[in-house]
1. Given R₀ = 30 Å, what would the calculated FRET efficiency be for I157 paired with K83, taking r from the Cβ atoms and rounding to 0.05?
2. Using a Förster distance of 22 Å, how high is the FRET efficiency between N97 and N148, based on the Cβ-Cβ distance and rounded to 0.05?
3. Tell me, what HN-Hα J-couplings in whole Hz come from the Karplus equation 6.51 cos²θ - 1.76 cosθ + 1.60 at θ = phi - 60° for each residue of region 82-99, using x for Gly and Pro?
4. Between I39 and N70, 0.36 nm times their residue separation minus their Cα-Cα distance comes to what?
5. Taking the C-alpha atoms of region 97-155, how large are the radius of gyration and the largest Cα-Cα span, Dmax, in Å?
6. Could you tell me which GluC sites (Glu not before Pro) in region 46-91 are loop residues by DSSP with no more than 12 other beta carbons within 10 angstrom of their beta carbon?
7. Tell me, what ³J(HN,Hα) does each residue in region 39-52 have, in order and in whole Hz, if you take phi through Karplus 6.51 cos²θ - 1.76 cosθ + 1.60 with θ = phi - 60° and put x for Gly and Pro?
8. Considering only protein heavy atoms, with the full assembly of protein chains and a 1.4 angstrom probe, order F90, F57 by accessible area, largest first.
Amino acid sequence: MLDLNVYDFDKTIYYSDSTLDFYLYSLKKNILLIRYLPIQIYGFLLYKLNIKEKEFFKEKFFSFLKGIKNIDNHVEEFWNLHKSGIKKWFLDKKQENVVVISASPEFLLNEICKSIGVDKLIATKVNKNTGKFESKNCYGKEKLLRLNKEYDKYRIINFYSDSYSDKFLANIAKNSFIVNKDEIKKWREIDGK
């Protein structure tokens, strides 16, 4: 039985939303990426009108990746400027078997997670050159399904998230915590779900 310490990423161990920060950084570096805005708005509207799924919207959103020439260097430069957004309390913890599970793209979080001592990253697989999804959006119940695919026999000792959408993981953890900026509180079950 493997004991895991599991964390969400955005607004949990990172102060902001890494995808949004990366998008804004990319626009600042290359304003011509604004040309993807119509397709992004189109995807957003169809999602909000319940015509298309979230993955459809996110694929349209990530279409801007097509306009970035060297994505690996771009991601590295982004984290060189944004690594300070990783929360000190997380960096100060010395834990084993640290797993980050995030809806953000794997290509965006891969190197930063390695550099801060994360043993395993489970995230949404998005093609870094096209923005096309290569897995389901790693959100809500999908996080639990993905964790179960990675590990046969495990138990979550500590789980941290900023969102009650992560109740599927919180419910099976020995200790669950809700994170709001630097404030960490014991998880409280909502609506008995």
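The values are calculated or read from the model by the stated rules, or taken from the named source; none is laboratory data. Not measured: the values here are computed from a predicted model. We place every Cβ from the backbone using ideal geometry, glycine too, and count neighbours over all the protein chains shown. Areas reflect the complete protein model, heavy atoms only, side chains present, ligands, DNA and RNA absent. Shrake-Rupley method; radii C 1.70, N 1.55, O 1.52, S 1.80 Å.
1. Working: r = 26 Å, r/R0 = 0.88.
Result of the calculation: an efficiency of 0.70.
2. Working: r = 16 Å, r/R0 = 0.71.
E between N97 and N148, to the nearest 0.05, is 0.90.
3. After applying 6.51 cos²θ - 1.76 cosθ + 1.60, I find 10, 4, 5, x, 6, 6, 4, 4, 5, 4, 6, 6, 10, 10, 9, 6, 8, 10 Hz.
4. Working: separation 31, 0.36 × 31 = 11.16 nm, distance 2.21 nm.
Separation in residues times 0.36 nm, less the Cα-Cα distance, equals 9.0 nm.
5. 11.6, 36
6. Working: sites: E53, E55, E59, E76, E77; in loops: E53.
Filter output for region 46-91: empty list.
7. 5, 5, 5, 4, x, 5, 5, 5, 5, 5, 7, 6, 8, 10
8. Details: F90 10, F57 45 Å².
So the residues, ranked largest to smallest area, are F57, F90.
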